[in-house]
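The values are calculated or read from the model by the stated rules, or taken from the named source; none is laboratory data. In this text, all values refer to a predicted model and were calculated from it rather than measured experimentally. Positions of Cβ are backbone-derived with ideal geometry, glycine not excepted, and every protein chain shown enters the neighbour counts.
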Amino acid sequence: MSDSQDQTAFDSNDLQFDDFELEDFDADVPAAATTATATRNLDFFKNIPVTVTLEVASKEIALGDLMTAGEGSIIELDKLNGEPLDVKVNGSLMGHAEVVVVNDKYGLRLIDVVESALTSMGQ
C-alpha cells in the first residue's frame with residue numbers, strides 16, 4: 001500500500017487563528033483612500049455605453065389581430081395625447097420626458113427621473 005493512504009484526514013483544530021486580529025483588518029486603510037478608490041471605480045463605469053429609448057406607448061394585442069392589420073389599420077395605444085413619454089435605459093425605466101426638436105433633430109427633455117440605483121450611483 002502507498003504512504004498516501006496512511007495519512008490522516010485534515011483536522012480543522014490544527015489551525016490557529018488566535019494570532020490574527022481580523023476586526024482591525026481595514027483599520028489601517030485611510031478613509032481618503034477608500035473614497036478615491038470608489039470615485040475612480042465610478043469613473044470607469046461612466047464610459048460604458050447604454051441605449052436610451054423614448055417609448056411613446058404600447059399595447060398588448062393578440063397575434064391574430066396583428067396578422068389581420070394592414071396598411072391604414074389603426075392600433076390604439078395605451079397612452080393619452082400629451083402624457084409624458086417613458087425614457088428607458090437598456091430597457092429599464094429611467095424617467096419621463098417630452099419630445100423637443102434641437103437643430104432639426106428630435107431630442108427629449110426630462111420631466112422626472114425615477115428613484116433607482118442609477119440615480120443614486122452618481123451621488
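Here are some notes:
- Residue check, PHE17 out of contact with any strand residue (DSSP E or B) (no Cβ under 6 Å at 6 or more places or on another chain), at pLDDT 60 or above and among the aromatic types (Phe, Trp, Tyr): no
- Of all positions in the stretch 72-79, none carries a residue that is exposed (fewer than 12 other Cβ atoms within 10 Å of the Cβ) and modelled with pLDDT under 90.
- Scanning the stretch 92-102 turns up no residue that is in a loop (DSSP other than H, G, I, E, B) and either surrounded by fewer than 12 Cβ atoms within 10 Å (Cβ to Cβ) or over 22 Å from the mean Cα position of the chain (by Cα) (or both).
- Pairs are defined by a Cβ separation below 8 Å, a sequence spacing of at least 6 or placement on different chains, a first member in the stretch 51-75 that is closer than 29 Å to GLU98 by Cα and of a type in the set (Lys, Arg), and a second member that is outside any helix (DSSP H, G or I) and modelled with pLDDT under 95; the pairs so defined are LYS59/ILE75; LYS59/GLU76; LYS59/LEU77; LYS59/ASP78.
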